[in-house]
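Report on the following structure.
The values are calculated or read from the model by the stated rules, or taken from the named source; none is laboratory data. Bear in mind the structure is a predicted one, so any value in this text is a computation, not a measurement. FYI the Cβ positions are ideal-geometry reconstructions off the backbone, even for glycines, and counts take in every protein chain you see. Remember, those area values only see protein heavy atoms, side chains included, never the ligands or the DNA or RNA. Shrake-Rupley method; radii C 1.70, N 1.55, O 1.52, S 1.80 Å.
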Amino acid sequence: MSKHDFDLFVIGGGSGGVRAARLAAQLGARVALAETLGPEGLGGTCVNLGCIPKKLYRYAADFSHAFDDARGFGWQGDKPSLNWAALKANRAQEINRLNAVYADLLRAAGVTLFDGFARLQGERGVALATLNADGSAGHRNFSAEHILIATGGTPHVPHFQGREHAITSNEIFDLEPFPQRLVVVGGGYIACEFASIFTGLGARVTQIYRGEQVLRGFDDELRHFAAAEWVKAGLDLRLNSGVVDIRRSADGLQVDLEGGGVLQADAVLYATGRRANVQGLGLELVGVAQGAQGEVLVDAHYQTNVPGIHAVGDVTQRVQLTPVALAEAMQVVQRLFGSAPQASAQAVGAMDYEGIPSAVFTHPALACVGLTEAAARERLGQIKVFRSEFKALKHTLSGRSERTLMKLVVDGASDRVVGLHMVGADAAEIVQGFAVAMKAGATKAMFDATIGIHPSAAEEFVTMRAALLR
Ligand code: NDP
């Protein structure tokens, strides 16, 4: 029997924390999990303020495009209008259901759930600040053989005049009233997704990005192609632009732009990156090393410089994606408490950060896995690029001018497909499957030997025959 209260104390009930707590408990460890929001707030950013509600709003926005497209297929009648309050309420109900599912899963696995703010204290200690039923503050101290920091991240808004008028992705889901005029600042996943979602929901959206093109780091050709499609769908995209200040005016918010432009808005969303949630955790008290932006530094085993203290997910600011946090959590549990039977194959070997697929849930969506053309050229030298651009069959009747772009990047020496990129409907669903083939080392010859599913967009990935001459 360990001399400690718990074998594992998890701080934070988001994707990484919940997965680690549940698996460790299933493997027989005595596990506690503390979440500031309590059991009702389990699920972290992904469930409460990120992936899930975002995707639900994405679906809502896509209906708007579908109603427009339906006319060409013979559907008649007035286009339905959005009941924003109903969307918000239905989303909230679904998120509450998910919170409860998470709590049930943890309890069923035998995890002790604490509703409070946990702070590192001394060696292998955790101090928990709670709120008692009578409103008074309570304090409890625990010891644990291992502590896992899984506190995630939070939106970061830079300092500027009028910053207090800006909202973040934390507030966008429950805005009241619906923002008819929305300004979005940033050019990453969150900015592009919300700019596209609110365009679809019927807002007039202006997206302000400081650089030459949004989605820095993605394949250049795809970035330009996707941005042009979003503009066609109604987005006002301003590149090489920035906000000087925001002030309240008689007509909502006045946004002054660099170079003298002015925008009137009902809301200004800043999606300019996220920072690790480390405030008040007591990292400096126990000497946990942090990076330049406060993130917890870990080694290849998610171990901090302090023995017994580990960290996974967004708080480490490595790859901020839910599936990555889940995989990291499984790695930690496997190392500390033995092999998890339900762990995926990914958790059996060392975590591979190469070839992580991802998608930007815009309309049309963008998804990719592997190297961009530029990165492949730099890393491999001789590469072959295959490209297909077309109007999807659906839009022959919908009348929409939207186009799809698919691209393969192939290593000239080994024939392996090292990059796969797509802008178009269902891009995330399509790319996920091809990511498995690429993980298995598929060559272009194997793609060529694969029979397509006809008619589909995905079949283009196995029917590209002529490499581009460049
Ligand atoms: P990102 O880091 O992806 O993008 C931040 C954006 O803000 C960049 O365009 C950046 O410009 C810009 N920016 C940064 N600082 C400033 C500033 N001071 N002034 C103006 N612009 C600025 O962060 P996000 O907030 O979009 O998302 C955070 C993370 O969440 C992502 O990295 C991703 O891992 C994850 N995520 C994933 C999703 C998915 O998988 N679909 C969805 C949503 C989030 P520049 O490029 O010039 O630096």
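What the table below lists for this structure:
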{"read-out": "Amide H partners (placed H, <5 Å) of R275, local residues excluded", "value": "T154, H156"}
{"read-out": "Separation between Cα centres of region 230-281 and region 296-339, rounded to whole Å", "value": "34"}
{"read-out": "Radius of gyration and Dmax over the Cα atoms of the chain, both given in Å", "value": "23.9, 73"}
{"read-out": "Free-standing Cys residues across the chain, given no other cysteine C-beta under 4.7 angstrom", "value": "C192, C368"}
{"read-out": "Heavy atoms of C46: accessible area, 1.4 Å probe, square angstrom to 10", "value": "20"}
{"read-out": "Qualifying aspartates and glutamates (Cα of each under 18 Å from Cα of K79; at least 8 residues distant if same chain)", "value": "D62, D68, D69"}
{"read-out": "Per-pair calculated FRET efficiency, R0 = 30 Å: E354 and D415 via Cβ, rounded to 0.05", "value": "0.95"}
{"read-out": "Cα pair distances of region 1-126 binned at 5 Å [whole percent]", "value": "2, 10, 16, 16, 13, 10, 8, 7, 6, 5, 4, 2, 1, 1, 0"}
{"read-out": "Relative contact order of region 1-147, pairs being alpha-carbon contacts under 8 Å that are 6 or more residues apart, as %", "value": "33"}
{"read-out": "Estimated inter-spin distance, E171 and L98, nm [label 7 Å along Cα→Cβ]", "value": "2.3"}
{"read-out": "For region 134-266, convex hull volume per residue from C-alpha positions, Å³", "value": "190"}
{"read-out": "Nearest 10 degrees, 0 to 90: helix 427-439 Cα axis against the chain principal axis", "value": "70"}
{"read-out": "Relative contact order (percent, whole number), the chain, Cα cutoff 8 Å, 6+ residue spacing", "value": "15"}
{"read-out": "For a label point 7 Å along the Cα-to-beta-carbon line of K232, residues of region 368-397 with backbone N under 20 Å", "value": "368, 387-397"}
{"read-out": "For region 267-284, Karplus couplings with θ = phi - 60° (6.51, -1.76, 1.60), whole Hz, Gly/Pro x", "value": "8, 10, 9, 9, 10, 10, x, 10, 10, 5, 7, 10, 4, x, 6, x, 4, 5"}
{"read-out": "Inter-label distance for E40 and L239, nm, one decimal - labels placed 7 Å from Cα along Cα-to-Cβ", "value": "4.7"}
{"read-out": "Cα-based radius of gyration of region 375-441 once divided by 2.2 N^0.38 Å, which approximates compact folds", "value": "1.31"}
{"read-out": "Hydrodynamic radius (Kirkwood) for region 319-470, which is based on Cα pairs only, to one decimal in Å", "value": "16.9"}
{"read-out": "Amide H partners (placed H, <5 Å) of S241, local residues excluded", "value": "Y209, R210, G211"}
{"read-out": "Backbone HN-Hα couplings from phi across region 59-66 [Karplus 6.51/-1.76/1.60, Hz, Gly and Pro as x]", "value": "4, 4, 5, 5, 4, 4, 5, 5"}
{"read-out": "Protection-proxy order for peptides 131-139, 433-441, 397-405, 207-215, each taking the mean of Cβ atoms within 10 Å per residue, highest first", "value": "207-215, 397-405, 433-441, 131-139"}
{"read-out": "CD proxy at 222 nm, helix term only [per DSSP H run n ≥ 4: -39500 (n - 2.57); per residue of the chain; nearest 500]", "value": "-9500 deg cm²/dmol"}
{"read-out": "Of all DSSP beta bridges in the chain, antiparallel share, percent nearest 5", "value": "60"}
{"read-out": "Amide H partners (placed H, <5 Å) of N305, local residues excluded", "value": "A289"}
{"read-out": "Considering only region 32-177, percent of DSSP beta bridges that pair antiparallel, nearest 5", "value": "75"}
{"read-out": "Region 275-329 pair-distance distribution - Cα-Cα, 10 Å bins, rounded %", "value": "25, 58, 16, 0"}
{"read-out": "Global form of region 252-406, assessed from the alpha-carbon gyration tensor, a/c cut-off 1.5", "value": "oblate"}
{"read-out": "Calculated from backbone phi, Karplus (6.51, -1.76, 1.60) coupling profile of region 446-457 in Hz, x at Gly/Pro", "value": "5, 4, 5, 7, 8, 7, x, 9, 10, x, 8, 6"}
